[in-house]
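Enquirer: Below is a structure I'd like to ask you about.
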Amino acid sequence: MRKTAGLLSVLAAVAAMVVVAPSAAQAAERDPVIFVHGYKGGAWNFNDMIADFKADGWPANRLFAISYDVFQSNKTTASQLRSYVDSVRAQTGAAKVDIVAHSMGSLNSRWYLKFLGGTSYVDQWVSLGGPNHGTNLTPVCSWLITSCAEMAPDSSFLRDLNAGDETPGGVRYQTYWSSCDEFINPDSSTVLSGATNTGVGCIEHAWLLVSDPVSQKVRTLLKS
């Protein structure tokens, strides 16, 4: 009986290894994730979400957050993002990355995808409260700041970005929008044709970055 019990213990341990090992391997092989902040933000905006990713099994060396000059044109930022993606791919050996963008980060990352060849190197793209069709709050800053002017609903930047296919290439596009976003007006601005668009209830704009339910939705999506 003791031998049988010992054998069963060994088999149980082996079975546990079989279950756990593929999970660890999958985590190591996941696409690197690049987090792109919004207007007046920084890479630090994603500290909480990155901590969630790590706790959920993402290796630290697959998680990256870019910082950029928020006052420059989103076109300039898109070029910098292209270089950053190339650097991350070279560093990790990954063929493609995933992008999680908050607010204005959705615009410069979309410009990268649509006009700078990004669709060849991005697997999944996520927008958290992105002003994808502009916001009516831009008059308070558009007279002085290029990136802000580009968020105006009638800007030439957005007309070019949204002309034709809003979700080009084989990228999987996902947006999350709030029904009471105080900075994205109208709230429906985030929604993109060809994307999976998901309402997350009433969450303030900045809180999209630290909401546990939103973070869980993003991680579940990127695991799939």
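The values are calculated or read from the model by the stated rules, or taken from the named source; none is laboratory data. All of these numbers come straight from a predicted model, not from anything done at the bench. Methodologically, a virtual Cβ is constructed for each residue, glycine included, from the backbone with ideal geometry; neighbour enumeration extends over all protein chains shown. The accessibility values were calculated without ligands, DNA or RNA, using every heavy atom of the protein model including side chains. Shrake-Rupley method; radii C 1.70, N 1.55, O 1.52, S 1.80 Å.
Enquirer: How much mean residue ellipticity at 222 nm does the chain get from its helices, if each DSSP H run of length 4 or more adds -39500 (n - 2.57) and you divide by all residues, to the nearest 500 deg cm²/dmol?
Expert: Per the formula, -12500 deg cm²/dmol.
Enquirer: Which aspartates and glutamates, on any chain, are close to K217 with Cα under 13 Å apart, when same-chain ones fewer than 8 places away are left out?
Expert: Here the aspartates and glutamates satisfying the reach criterion relative to K217 are D52, D56.
Enquirer: Could you list, in their original order, any pairs among K75/K114; K54/K96; K54/K75 whose Cα atoms are separated by more than 23 Å? Don't jump to the answer; show the numbers that get you there.
Expert: Details: K75/K114 11 Å; K54/K96 20 Å; K54/K75 31 Å.
Those over the limit are K54/K75.
Enquirer: Give me, ordered by chain and number, the residues 5 or more places off T198 or on other chains with an amide H under 5 Å from its own placed amide H.
Expert: T175, Y176, W177
Enquirer: So what's Rg/Rh here for region 139-196, counting alpha carbon atoms and using the Kirkwood radius for Rh?
Expert: 1.00
Enquirer: What number comes out for accessible area per residue over the chain if the probe is 1.4 Å? Units Å², please.
Expert: Values: 10480 Å² over 224 residues.
Value returned for the chain: 47 Å² of accessible area per residue.
Enquirer: When the Debye formula is applied to the Cα atoms of the chain, each taken as the same point scatterer, what base-10 log of I(q)/I(0) results at q = 0.13, 0.14, 0.15 Å⁻¹?
Expert: Values, matching the q order: -0.71, -0.81, -0.92.
Enquirer: Charges on Cβ only, +1 for Lys and Arg, -1 for Asp and Glu, centred on the Cα centroid of region 121-224; of C202, S156, G170, which one is farthest towards the dipole's positive end?
Expert: After comparing all options, I get G170.
Enquirer: Please give me the summed charge of the neighbours of G199: other residues whose Cβ is under 15 Å from its Cβ, Lys and Arg +1, Asp and Glu -1.
Expert: Working: positive: K217; negative: D181, D187, E204.
Around G199, the charge tally is -2.
Enquirer: What residues qualify as long-range amide H neighbours of I66, i.e. H under 5 Å apart, gap of 5 or more or another chain, H built at 1.01 Å from N?
Expert: For I66, whose amide H was placed from the backbone, the distant partners under 5 Å are F35, H37.
Enquirer: Please provide three numbers in whole Å: the alpha-carbon extents of region 184-224 along the principal axes, with the largest listed first.
Expert: Rounded to whole Å, the extents work out to 30, 26, 13 Å.
Enquirer: Where Rh denotes the Kirkwood radius from the mean inverse Cα pair distance, what is Rg over Rh for region 59-118?
Expert: Across region 59-118, the Cα-based Rg/Rh ratio is 0.95.
Enquirer: Taking θ = phi - 60°, what integer Hz values does the Karplus form 6.51 cos²θ - 1.76 cosθ + 1.60 yield along region 172-179, in sequence order, with x for Gly and Pro?
Expert: Listing the rounded values in order: 8, 9, 9, 10, 10, 10, 9, 7 Hz.
Enquirer: Shifting gears a bit: Carbon and sulfur atoms: what percent of the 1.4 Å accessible area of the chain do they account for?
Expert: 58 percent
Enquirer: Which cross-chain or sequence-distant (5 or more) residues have an amide H under 5 Å from the amide H of N132, H modelled 1.01 Å from N in plane?
Expert: Hits under the 5 Å cutoff: T190.
Enquirer: In Å and whole numbers, how far do the C-alpha atoms of region 106-213 stretch along each principal axis, longest first?
Expert: Principal-axis extents of the Cα atoms in region 106-213, largest first: 36, 35, 20 Å.
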